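Comments concern the structure below.
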Amino acid sequence: MSLAPLTGLDFVQREGRWADLERLRSGNPMYDAVIEEIDGRRIRVGDHWLSDFASCNYLGFDLEPEIAAAIEPEVKRWGTHPSWSRLLGNPAIYPQIEERLTELLDAPDTLVMPTITHIHMSVLPILAGKGYIFLDSQAHKTIYDGSMYARGLGATVQRFRANDYEHLRELLRAAPGGVPKVIAMDGVNSMTGNAPDIAAFAAIAREFGALLYVDDAHGFGVIGERAANEMSPYGIKGNAIVKYCGESYDNIVLVGGFSKSYSSLLAFLALPTWLKNHLKVAAPPYLYSGPAPTASLATVMAGFDVNEKRGDAIRADLYRKTMKVLDHVRGLGVFTPNTGTTPVIELPLAAGEDIDAVGKLLWDRGIYVTLAAYPLVPRDQVGFRAQVTAANSDAELDQLNDVITELAEAGKLRR
């Protein structure tokens, strides 16, 4: 007797909530695009050239000749990919990166791993154990996923209202004593571009003996410690939100990545040395994962040099370019949740507007952005996100502003 062949539906339950996204993926050119060529921040898809505002390479390090030139010597030294797990063997460039990073962050110590997702999925369960994770309701999906994995291993997860430290205080006060407590949240939010009051959350963490776990993927490289000689409100050095807020690392573990501002595949934790050594034997990415490619290790090291020599001037230019767009948006009376100055500019659509149609209009006008569709964001937050980088030209910024004006005048954007 022959059996009927199985279909995809026999293996995977296709949830209806993904229908909108599947429709966009299959029919909107902004999704699943194959980029065939770049020219600065211009990209070519087929015969169509677009100005790229979907990149997170905020400092433009992906296009820096000095950084690219650092790859070949390290590949000759280490090959394309030293494939030992870090527990077995570390190319000398690894501890060199951690030494430079620890100095930049002014942290007790640092530990690098391949990606932030690896870190959340492996480190959060270790920190929480059978205790509690207090999760910001707007925390990045990867923090949420790490928290859910920790819950499966015995942790209790409770969500607090976004940036509401009084609600967090209520939850902490009601939690039992004598168990680990981790407060997990974003630094600079990946959609709104806003930074939380880290000083207030750190004070609460210390009050209740909790650990504040902060993912500053979008802040590292852009914002840093404040100084009298700063060239922009981003501060200096790009050494992330803890220093930007004038905080110490007491009761704080900072997570960040090089894949955005430094354009390199690598991530890190800033943490006490005793915890670093514990994670070396407890965190699966350190024990089992292959390391980052040699090219990424090389570009991180070269990125430190460029940041030290020219980083503050690059950030000042990034600030100027960001404000060119933010001032234009605010002048039109268009709503953006970005109430500050960071280069993450989300533009929700007006009620009832179709993200597919808006995406196609942006495409036709030569603008490439990140479409934020349901269920990636709640239905009332559907829209698009434009990220400004130091490598975007003023002509590209003018082009983006013109299209935003067109969408606003057509009533497509939320007021």
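Here is how the numbers come out for the structure above:
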{"item": "The range 181-190 - phi-based ³J(HN,Hα) in whole Hz, Karplus 6.51/-1.76/1.60, Gly and Pro as x", "result": "9, 10, 9, 10, 7, 7, x, 5, 5, 5"}
{"item": "For the chain: accessible area per residue (Å², 1.4 Å)", "result": "43"}
{"item": "The chain shape via C-alpha gyration tensor axes, a/c threshold 1.5", "result": "rounded"}
{"item": "Under-5 Å amide H pairs with VAL182, H placed in peptide plane, nonlocal only", "result": "TYR132, ILE133, PHE134, LEU211"}
{"item": "Calculated from backbone phi, Karplus (6.51, -1.76, 1.60) coupling profile of the range 245-250 in Hz, x at Gly/Pro", "result": "8, x, 9, 8, 8, 4"}
{"item": "Amide H partners (placed H, <5 Å) of ILE252, local residues excluded", "result": "LEU212"}
{"item": "Long-range HN-HN contacts of ALA162 with modeled amide H, under 5 Å", "result": "SER137, GLN138"}
{"item": "Mean ellipticity per residue at 222 nm, deg cm²/dmol - from DSSP H runs of n ≥ 4 across the chain, formula -39500 (n - 2.57)", "result": "-12000 deg cm²/dmol"}
{"item": "Ranked order, TRP274, TRP49 - accessible area, probe 1.4 Å, largest first", "result": "TRP274, TRP49"}
{"item": "Highest-fluctuation residue, GLY40, GLY193, GLY383 considered, GNM on the chain with Cα pairs under 10 Å", "result": "GLY40"}
{"item": "Of all accessible heavy-atom area on the range 309-411, the percent that carbon and sulfur account for (1.4 Å)", "result": "51"}
{"item": "Note, ³J(HN,Hα) from phi for the range 108-121, Karplus 6.51, -1.76, 1.60, rounded to Hz, x at Gly and Pro", "result": "x, 6, 9, 9, 9, 9, x, 9, 5, 4, 3, 5, 4, 6"}
{"item": "Carbon/sulfur fraction of accessible area - the range 95-221, other protein chains in place, 1.4 Å, %", "result": "51"}
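The values are calculated or read from the model by the stated rules, or taken from the named source; none is laboratory data. Here the structure is a predicted model, which is why all the values come from computation and not from measurement. To get the accessible areas, we keep the full protein, side chains included, count just its heavy atoms, and leave off ligands, DNA and RNA. Shrake-Rupley method; radii C 1.70, N 1.55, O 1.52, S 1.80 Å.
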